[in-house]
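Structure, as structure tokens:
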Amino acid sequence: MNRFLKSQSYQPLGDDAVRSTNDDAAVSRLSAVTLGYMADPYIKAFVRRLQRRPPIINRGTYTRSAAIDCITAQFLGDDPSSKQIVSLGAGSDTRHFLLKSRGAQPKRYFEIDFPEITSRKAQAIKKNKELTAMLGDHSIAGGGTELHAQDYFLLAGDLRQFDALTQRLESLGFDKSLPTLFLSECVLIYLSPPDADSIVKQAANLVSSGVFLTYEQILPDDAFGSMMLQNLKSRNIELPGIHAYPTLESQRERYLKAGWDQAFAMDLNEFWEGKVEESEKARVSKLEIFDEVEEWRLLSGHYCVSWAVKGNGLSVV
Amino acid sequence: MTWDLDAIISRLYTKQLLPEHTVRELCEKVKEVLVREGNVRNVSPPCTLVGDVHGQFYDVLEIFRIGGYCPDTNYVFLGDYVDRGYYSVETITLLACLKLRYPDRVTLVRGNHESRAVTQTYGFYTECIRKYGNANVWSYFTDLFDYLVLSVVIQDSIFCVHGGLSPSLHTIDQIKVIDRFREIPHEGPMADLVWSDPVSAPTFSSVSGDDKGDFAISPRGAGYIFGREVTKKFLEVNGLGHICRAHQLCMEGYQILYDDMLSTVWSAPNYCYRAGNMASVLEIGPGLERYFNVFGPCPDQYRETPAKETATAAAAGAMGTGGMGGVAGREKGGSLAGVLSRDAVWEDGDVGMGSQAAVERRRKMTRRVGGMVGNGNGGEGSGDGVDADRVGAGGQDSGVVGRYFL
């Protein structure tokens, strides 16, 4: 991307600003991984330079990852090869490779993101021997913006045209009859509520059984939330979805009204306190001096995982 | 060399940095003052208690604006002068000078952040490296921290400390005999004084159900949490009326617990430029009346960001290291002096690798003509091009980058 000296105050706008959030997340992930919070040998392929985040951010990155991994693992259960995952706005996510390295990958793993993101990801994968080997037989498509393998598909597209994307999925072997996990890790919130709602609804209609899993910000209206929106705004990042689904309750509602059978939601503070095992909490707490307990509660309380279940045979609680 | 403290202090109020050798001398002189002070310093009212300020220099100036300037107001600072904010160096330098200039009107109590280990994680170390090019100033100040007093008693009535109480310390006399002239230990009475917290639901309700309770393990990993009964006993045994401490973020700027036996004063508004909280200072009147003077962050028009200053300073060639490594300053009006290439930026990963590696890396920095520094892609450049005031690892990150989960 060209970054010439356009003006003294150039900063990415619109979609560029949203895309930039992927880099932020990837750097945070590498920081946490490097310090031992979690294992991920693949993320460094997607991050240009290691930067160390503060302990509170490392813990939050760990908790976010643990929460999504937990629900994903429950979804995949003992029989991942009969399931599918569609990762919306996947960015530099390494989940497919992590699952595959354990032999726990689903039958098909689809990742969708803007072509600017997917072309960089495809290049990074191709440059990396280990990742390329894990792909198996594959082809580059879409003028370098896509990667099609046997069980992994990196697709370029715009989530705001989700119906076109579902057609592409089907053309690439997406099987509506297989239980499918749709993953939105800090993605839907950047879309207008109608666009986000449309995706949640189409996903419900598309498959006979599955899970829709979202991780994103909540509680815009308290002091912390308003400051967060203000700070993000200074970087041209808006969260259109946050006012539509600002609470755990409304997060659950969003799925039920879109045709999903059951819905759950939990904030990340709850997840850390209640779902992370004591021994694991102790391990994580020892990784760095951690002197921000109140701030941690405040920050993690403004993020949630919410998920919905449809169909039988899936036990995801 | 003449040592004109008033002139130095005037400069410090404008947020200028002192030369390294001046900092060294300053710390030596302040140590000479502090070494004569006991672990429990007696202070007479009226005075104003200040909680954590964490390098938020402009908000410290705000404190002086609303609370009165030294020496017109007597101040007791309860620690945590550094880390997290962008201006830890300027903040501690100013406070140290004020202590030297008005030793009887300024009291500096040690907080848990006045520690070598903590400052290497939470930003002060990185900031010193960035602003001085080496770790000397950090080591002068961390040596000075070893001399800070542990607590204050105001007119035999109000006990003031940074953190809280200790199961090992039942009396004031026991505090007096601690050897404080050392790094804060991992555990023991000195650690407890700077790390402990009172239980107040819901903060630690998940850890220990009731606020009646005895000392219990702290989620901080150091110090203890303690409850009402412990507080009451300490006050009774020592003939005191109230405990005032800092250490814990309070959204309203202060918190009063246990039917006013204990209060927390928190003096860093919009903490980490993220928490959205109010702050306060506790004004103690001549008759020991207590008033929490609540305030918000310093208005933006009075607040500089490091990015603006970087471009200015670099353009003026003020820093020998050629502009602020690590701060992605924006170019100022056509001058290339303030522009650093992306690759030239401070590597957060250097923290913990020792300052020598960091200094070496900085020596290899090159400037790329016309290059724009990291503009929004947090993973690629020095942070983002907007709030490009990156302070460094562990402590702060530039504006938004690395401050939230995106």
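The values are calculated or read from the model by the stated rules, or taken from the named source; none is laboratory data. These numbers come from a predicted model, not from an experiment. Cβ coordinates were reconstructed from backbone atoms using ideal geometry, including for glycine residues, and neighbour counts include every protein chain displayed.
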Among the candidates B:VAL23, B:VAL53, B:VAL60, B:VAL43, which residue alone is within 17 Å of B:ASP146 (Cβ to Cβ), modelled with pLDDT of 95 or more and among the β-branched types (Val, Ile, Thr)? B:VAL23
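Kindly indicate which of A:LEU299, A:LEU232 is touching a residue at least 12 places away in the same chain (Cβ under 8 Å), assigned to a helix (DSSP H, G or I) and within 10 Å of chain B (Cβ to nearest Cβ).
Numbers: A:LEU232 fails: touching a residue at least 12 places away in the same chain (Cβ under 8 Å).
Just one listed residue meets the conditions, A:LEU299.
When the stretch B:67-84 is examined, which residues are found to be in contact (Cβ under 8 Å) with a residue 40 or more places away in the chain and of a type in the set (Gly, Ala, Ser)? Talk me through it step by step, then tell me what you get.
Within the stretch B:67-84, the subset in contact (Cβ under 8 Å) with a residue 40 or more places away in the chain is B:67, B:76, B:78-80, B:82-84.
Result: B:GLY67, B:GLY79.
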Can you name every one of the helices (runs of 4 or more DSSP H) wholly within the stretch A:98-216 that holds 2 or more residues which are within 24 Å of A:TYR42 (Cβ to Cβ), without any contact (Cβ under 8 Å) to a residue 12 or more places away in the chain and β-branched (Val, Ile, Thr)? none
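This table checks each residue for (1) modelled with pLDDT of 95 or more; (2) more than 14 Å from chain B (Cβ to nearest Cβ); (3) under 26 Å from B:MET251 (Cα atoms); (4) crowded, with 17+ Cβ neighbours inside 10 Å.
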{"site": "A:PHE182", "(1), (2), (3), (4)": "yes, yes, no, yes"}
{"site": "A:GLU185", "(1), (2), (3), (4)": "yes, no, no, yes"}
{"site": "A:TYR190", "(1), (2), (3), (4)": "yes, no, no, yes"}
{"site": "A:GLU216", "(1), (2), (3), (4)": "yes, no, yes, yes"}
{"site": "A:MET228", "(1), (2), (3), (4)": "yes, no, yes, yes"}
With farther than 29 Å from B:TYR291 by Cβ, surrounded by 16 or more Cβ atoms within 10 Å (Cβ to Cβ) and either basic (Lys, Arg) or assigned by TED's automatic domain parsing to the domain that holds B:ASN136 (or both) as the only criterion, which of B:LEU49, B:LEU18 stands out? B:LEU18
Hey, can you tell me all the residues within the stretch B:239-259 that are away from chain A (no Cβ under 14 Å) and out of contact with any strand residue (DSSP E or B) (no Cβ under 7 Å at 6 or more places or on another chain)? B:GLY239, B:TYR258, B:ASP259
Is it the case that some residue within the stretch A:67-80 is crowded, with 23+ Cβ neighbours inside 10 Å, within 14 Å of chain B (Cβ to nearest Cβ) and at pLDDT 95 or above? yes
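Quick test for you: out of B:VAL109, B:VAL137, pick the one residue that is under 18 Å from B:SER280 (Cα atoms) and among the aliphatic types (A, V, I, L, M). Outline the logic, then answer.
Numbers: B:VAL137 fails: under 18 Å from B:SER280 (Cα atoms).
Going through B:VAL109, B:VAL137 in turn, just one is under 18 Å from B:SER280 (Cα atoms) and among the aliphatic types (A, V, I, L, M): B:VAL109.
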Check A:ARG254 against each of (1) away from every other protein chain (no Cβ under 11 Å); (2) surrounded by fewer than 19 Cβ atoms within 10 Å (Cβ to Cβ); (3) among the basic types (Lys, Arg) and name the one condition it does not meet. (2)
